[in-house]
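The values are calculated or read from the model by the stated rules, or taken from the named source; none is laboratory data. Treat the numbers as computed from the prediction; the structure is a model and nothing was measured. Glycine gets a Cβ as well: all are built from the backbone with ideal geometry, and neighbour counts include every protein chain shown.
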Amino acid sequence: MNFDLTDEQKAWKKSVHEFTARVIKPKAREVDETEEFNWDAVRQGGSIGLLGMNIPEEYGGSNMDMISSVLALEEIGWGCGATALSFTAHNGLGTAPITLYGTEALKKKWLPLVAEGKNKLGSLALTEPDAGSDIQGGVTTTAEKQGNEWVINGAKMWCTNASIAEYIITLVRTDPKGGSKSLSMILVPTDAQGVTISPPEKKMGLRGSPVHGITYNNVRVPLENLVGIEGRGLHQTLATLDGGRVIIGAISLGLAQAALEAAVEYAHERKAFGQPIGEFQAIQFKLANMATEIELARNLLYKAAWLKDQNRPYSKEAAMAKLYASEMAERVCYEAIQIHGGNGYSRSYHVERMYRDARLMTIGEGTSEILRLVIGRHVYAKK
Ligand SMILES: Cc1cc2nc3c(=O)[nH]c(=O)nc-3n(C[C@H](O)[C@H](O)[C@H](O)COP(=O)(O)OP(=O)(O)OC[C@H]3O[C@@H](n4cnc5c(N)ncnc54)[C@H](O)[C@@H]3O)c2cc1C
């Protein structure tokens, strides 16, 4: 791979960095403390294309290549993990399945509504109270055809953005016989009768990103709300998650970069034994390890994104990049706290929030264990 960012990608990264520094990063502590979503980021981010990264221009989006999406989420993650999670749940999970698989009518009706930041966002509900990693065998939410409608019953769990979304793309079982061809995606408007969205989950980190349980009680939506092909829901989900994993890796990278920058600044300011702590080799070695791991993660992520942009297979590389970047972010944030000493444990400093935010990244959109299964299958496969 002969890799460099194009001038356009460099300019995009710079403009998202400046936007994040102005609109997102200054509010990161407030959204964490108040658990209030940063609506300013949506209202202003829409106009620079941050809400339509996976939406074609004819439906109001900015239709970006994967590397540009990674650059954007790396920058937003640098500013605020919670805002980044909601942005990726909207772009990668909430709009990508419609762009990739939806009918022209679905695209026309829903994508412009959520692309510009004037309204609410999109969301995707796969996980259920009793099914997360094992969606193929575990999903019990059903959709039954009655006349011109789907009738949906069941419960979902951990749906990011549900309360701030126009719709929830819901993974349902359409064939009670089960098997890999029994799942489908259906778009459910959040105001549909029978949809109940629970109060936001009380979380360890990413507290400004609302995440909810949902119940569906005889919810009726038109048959046309099927996203993609009936029975192809599992395949569509796995393809959606490949992209989502790279983006979760990008948020991890941004969080780690922010923690490193905070640690470097603190190492210059804090004095012990008559000198800045950064002068001690022990501290510089930590900074060196942190910077090296960040660079490695960045290379893995950009490579996975580049493969996707070339329309080449990238499931293994996406899994590797997310696995490494998410576990790296936790190590880097841990060391950033260590460099801050007691202050690192205080909410007056930012690194404890980054540590809490980073913790989700090894769980969402494929746990580290599931990613190792995916990678292991590729590595072990006979050639
Ligand atoms: C903040 C947050 C936001 C989220 N947002 C969304 C969202 O927008 N939409 C959505 O659908 N979901 C969302 N999720 C759910 C998330 O994707 C799941 O939590 C994740 O997929 C893991 O599923 P689970 O929690 O059911 O864990 P489980 O699947 O029950 O796993 C529990 C443990 O067992 C391990 N395990 C499971 N199977 C295996 C195996 N075969 N081999 C080895 N180990 C295994 C797992 O790795 C994990 O360590 C969110 C979760 C959180 C915390």
Taking the range 107-144, which residues are more than 21 Å from THR196 (Cα to Cα), away from the ligand (no atom under 16 Å from the Cβ) and surrounded by fewer than 20 Cβ atoms within 10 Å (Cβ to Cβ)? LYS107, LYS108, LYS109, PRO112, LEU113, GLU116, LYS118
Does at least one position in the range 176-189 carry a residue that is part of a strand (DSSP E or B), in contact (Cβ under 8 Å) with a residue 60 or more places away in the chain and not hydroxyl-bearing (Ser, Thr, Tyr)? yes
So which residues in the range 305-325 are over 15 Å from MET361 (Cβ atoms) and in a helix (DSSP H, G or I)? ALA305, TRP306, LEU307, LYS308, ASP309, SER315, LYS316, GLU317
Would you mind stating whether LEU100 is more than 16 Å from the ligand (Cβ to nearest atom), among the hydrophobic types (A, V, I, L, M, F, W, C), within 17 Å of the chain's Cα centre (by Cα) and at pLDDT 95 or above? no
Given (1) in a helix (DSSP H, G or I); (2) farther than 17 Å from ALA96 by Cβ, identify the lone condition not met by SER68. (2)
Top-ranked residue of the range 281-339 - restricted to ones that are hydroxyl-bearing (Ser, Thr, Tyr) and more than 20 Å from the chain's Cα centre (by Cα), ranked as surrounded by the most Cβ atoms within 10 Å (Cβ to Cβ): TYR334
ARG331 fails exactly one of the following numbered conditions: (1) more than 16 Å from the ligand (Cβ to nearest atom); (2) charged (D, E, K, R); (3) touching a Lys or Arg at 6+ places or on another chain (Cβ under 9 Å). What is the number of that condition? (3)
Return yes when ILE277 is out of contact with any Ser or Thr (no Cβ under 6 Å at 6 or more places or on another chain), of a type in the set (Val, Ile, Thr), modelled with pLDDT of 95 or more and farther than 23 Å from ALA84 by Cβ and no when it is not. yes
Quick one: is MET361 within 13 Å of the ligand (Cβ to nearest atom), surrounded by 13 or more Cβ atoms within 10 Å (Cβ to Cβ) and under 21 Å from THR237 (Cβ atoms)? yes
Of all residues making up the range 259-280, the number that are within 35 Å of the chain's Cα centre (by Cα) and part of a helix (DSSP H, G or I): 12
How about the range 346-383: which of its residues are closer than 24 Å to LEU206 by Cβ, outside any helix (DSSP H, G or I) and of a type in the set (Lys, Arg)? ARG347
Residue hits (the range 1-35; part of a helix (DSSP H, G or I) and of a type in the set (A, V, I, L, M)) are ALA11, VAL16, ALA21, VAL23, ILE24, ALA28, VAL31
Tell me yes or no: at least one residue of the range 51-61 is part of a helix (DSSP H, G or I) and buried (at least 24 other Cβ atoms within 10 Å of the Cβ). no
Could you please find all residues in the range 78-109 being over 17 Å from SER184 (Cβ atoms) and among the aromatic types (Phe, Trp, Tyr)? TRP78, PHE87
I need the full set of residues from the range 156-183 which are buried (at least 16 other Cβ atoms within 10 Å of the Cβ) and either more than 30 Å from ALA41 (Cα to Cα) or basic (Lys, Arg) (or both), in order please. LYS156, VAL172, ARG173, THR174, LYS181, SER182, LEU183
Can you name the condition, by its number, that LYS203 falls short on among (1) closer than 30 Å to LEU323 by Cβ; (2) in contact with a His (Cβ under 8 Å, 6 or more places away or on another chain)? (2)
Consider the range 170-211. How many of its residues are farther than 17 Å from GLU149 by Cβ and under 23 Å from the mean Cα position of the chain (by Cα)? 18
Result of the Cβ filter at 9 Å on the range 121-138, keeping first residues that are without any contact (Cβ under 8 Å) to a residue 24 or more places away in the chain and partners that are near the ligand (Cβ under 6 Å from one of its atoms), at least 6 apart or interchain, is GLY138/GLY132
I'd like the full set of residues that are among the acidic types (Asp, Glu) and either farther than 23 Å from ALA96 by Cβ or within 15 Å of the ligand (Cβ to nearest atom) (or both), limited to the range 195-229. GLU201
For the range 250-275, the count of residues that are charged (D, E, K, R) and out of contact with any strand residue (DSSP E or B) (no Cβ under 8 Å at 6 or more places or on another chain) equals 3
For the range 145-164, name all the residues that are more than 10 Å from the ligand (Cβ to nearest atom), out of contact with any Phe, Trp or Tyr (no Cβ under 8 Å at 6 or more places or on another chain) and outside any loop (DSSP other than H, G, I, E, B). LYS145, GLN146, GLU149, TRP150, VAL151, SER163
